[in-house]
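*Asks:* Take a look at the following structure, please.
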Amino acid sequence: MLQTTTPRLAVQLAALFALTVSAVSSFAVDASKLENLNITNTCKYCDLTDAALAGRDLRGADFQNANLAGANMSKADLSQRPLEKRTLSTNFESANLRKTNLAGANLTRANFSNAYLRETILTDANLTGAILTGANLKGANLKGANLADVKLEEGKFCNTTMPDGSVNDSGC
């Protein structure tokens with residue numbers, strides 16, 4: 001009896017392992033997208049859900065319409081990249097940044113126009129001169145963030161923790 005059950009159990013365990021590996025890999029960040037970001041500093045319309053980008057130099061990167069939901073970009077430098085004759089700002093226009101960790105990130109003059117920043121962690125982030133026009137900041141945490149010269153027209157606030165720790169419910 002033991003000899004018949006052991007092979008069957010081994011097959012079942014192997015099948016379970018294969019399913020687990022394929023399920024985990026389906027949630028992993030596409031390595032080719034990360035490589036492309038490293039080479040071109042561009043990730044338009046790409047999916048970097050849950051990507052580990054903490055502490056990275058991503059100055060001037062273009063994330064237009066990208067899905068960065070759940071990504072960890074804490075302490076990343078996402079400020080402007082000076083080029084020879086112009087300065088390139090990091091572009092998050094219409095990007096999905098839901099639950100992204102941007103704590104302590106340098107986001108100076110970044111473009112977040114119409115970005116989805118719901119439940120995003122922006123504690124102690126430097127947003128000086130950033131464009132947040134039409135951005136959804138519902139449930140976002142901006143405690144300690146620098147909002148000097150930020151453009152917030154048509155921004156959506158509801159249960160949003162502001163830099164001074166107060167909660168803005170103006171858009172609920």
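*Asks:* Please specify each residue of region 81-99 satisfying the condition of being more than 19 Å from Leu152 (Cα to Cα) and not basic (Lys, Arg).
*Replies:* If the condition is that a residue be more than 19 Å from Leu152 (Cα to Cα) and not basic (Lys, Arg), then Pro82, Leu83, Glu84, Thr87, Leu88 are the ones that fit.
*Asks:* Any residue in region 23-40 that is at pLDDT 90 or above and in contact with a strand residue (DSSP E or B) (Cβ under 6 Å, 6 or more places away or on another chain)?
*Replies:* No, because not a single residue in region 23-40 is at pLDDT 90 or above and in contact with a strand residue (DSSP E or B) (Cβ under 6 Å, 6 or more places away or on another chain).
The values are calculated or read from the model by the stated rules, or taken from the named source; none is laboratory data. Given the structure is predicted, the values throughout are model-derived calculations rather than measurements. FYI the Cβ positions are ideal-geometry reconstructions off the backbone, even for glycines, and counts take in every protein chain you see.
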